[in-house]
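Right, one structure below, let's go through it.
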Amino acid sequence: MSRTYPKSVFRVFDEHHLERVWKWRNQAHIRINMHNDKTIPWHEHLSWFESLKQDPTRQFFVFYQNDRPIGVLNFSGLDTEEPEWGCYLGEADIWPGSGLLLEVAALDYVADYTKAKALYAEVLSFNQAVIKLHRLFEYQSLESRDGGVREGKAFEVHRFRYPLTDWRQRRQNILKKLPAQIREASQLIDFEQELL
């Protein structure tokens, strides 16, 4: 019996995605893991989108799985040797392992489509699931910094970097550590955009 795996396509964020992404970003389970955990008003979202359109150093993708939008993958500092990335899944009923596919997609995008030397990421210390993912993928851990206080508890910002020469050398071995269905699905990742 043959298995089918989801096709993951990353499409450049545009006006058609505005309301959906705004609703995703304001969900409590997404806001809690952001540097800014406040609800974002619609007018601020529109202003952010206008600034995004004018900024060639940032790239914002909507993650489609079998033609259904399910989340976001974004990059900033694309004019530097070490851009930063972030992501979130806005839908709940998605293919298991979609977070792993985002990790692969982020590294592949920067390795294949940019001139960067490394990929940088920040994760709030209470977001243990993403910290574990970065460790599974063998990111380098950098010195953490103070994050502030949430709900009366202090937290840190964990900082990670991934040299892209390491990713190119380790990619196949990293994928071998993942479940077989993730390895198969990672072959079906595509970016719809112009090369930088």
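Given +1 on the Cβ of Lys and Arg, -1 on the Cβ of Asp and Glu, and no further charges, what dipole in debye does region 32-98 carry about its Cα centre, rounded to the nearest 20?
Result for region 32-98 is approximately 180 debye, rounded to the nearest 20.
What is the percent carbon and sulfur in the accessible area of region 1-132, measuring with a 1.4 Å probe over the protein chains and ignoring ligands?
C and S atoms contribute 52 percent here.
With every protein chain left in place, what is the accessible area per residue of the chain in square angstrom, probe 1.4 Å?
Value returned for the chain: 55 Å² of accessible area per residue.
Rounded to whole Hz and in sequence order, give me ³J(HN,Hα) for region 73-88 from the Karplus expression 6.51 cos²θ - 1.76 cosθ + 1.60, θ = phi - 60°, writing x for Gly and Pro.
Going residue by residue, I get 9, 9, 9, 9, x, 5, 8, 10, 7, 9, x, 9, 10, x, 6, 7 Hz, with x marking Gly and Pro.
Could you grab the relative contact order for region 127-185? Cα pairs under 8 Å, six or more apart, rounded to a whole percent.
27
In Å, what Rg and Dmax follow from the Cα atoms of region 56-122?
12.2, 36
How big is the chain by Rg and Dmax over its Cα atoms, in Å?
Cα-based Rg and Dmax for the chain come out at 16.6, 53 Å.
Go ahead and estimate [θ] at 222 nm for the chain from helices alone: -39,500 (n - 2.57) per DSSP H run with n ≥ 4, summed, over the residue count, rounded to 500.
Calculated mean residue ellipticity at 222 nm is -10500 deg cm²/dmol.
Give the shape of region 7-80 as rounded, prolate or oblate, defined through the alpha-carbon gyration tensor: a ≥ b ≥ c are the square roots of its eigenvalues, a/c under 1.5 means rounded, and otherwise the shape is prolate if a/b is larger than b/c and oblate if not.
rounded
Please tell me the relative contact order of region 23-78 in percent, rounded to the nearest whole number, where contacts are Cα pairs under 8 Å and at least six residues apart.
About 23 percent, as a whole number.
Once you charge only the Cβ atoms, +1 for Lys and Arg and -1 for Asp and Glu, what is the size of the charge dipole of the chain about its Cα centre, to the nearest 20 debye?
700
On the accessible surface of region 140-196, probed at 1.4 Å, how many percent belong to carbon and sulfur atoms?
Using a 1.4 Å probe with all protein chains present, region 140-196 comes out at 44 percent carbon and sulfur.
If you find the alpha carbon centre of region 19-60 and of region 125-180, how far apart are they in angstrom?
What the calculation gives is 22 Å, centre to centre.
Along the charge dipole of region 61-181, Cβ charges K/R +1 and D/E -1, which of VAL104, ALA116, GLN169 sits furthest on the positive end?
So the residue we want is GLN169.
Taking a ≥ b ≥ c as the square roots of the eigenvalues of the Cα gyration tensor of region 115-156, is the shape rounded (a/c under 1.5), prolate (a/b larger than b/c) or oblate?
The shape class here is prolate.
The values are calculated or read from the model by the stated rules, or taken from the named source; none is laboratory data. Remember, predicted model here, so these are calculated numbers, not experimental data. Cβ atoms come from the backbone with ideal geometry, glycine included; neighbour counts cover every protein chain shown. The area values use the complete protein model at the heavy-atom level, side chains included, leaving out ligands, DNA and RNA. Shrake-Rupley method; radii C 1.70, N 1.55, O 1.52, S 1.80 Å.
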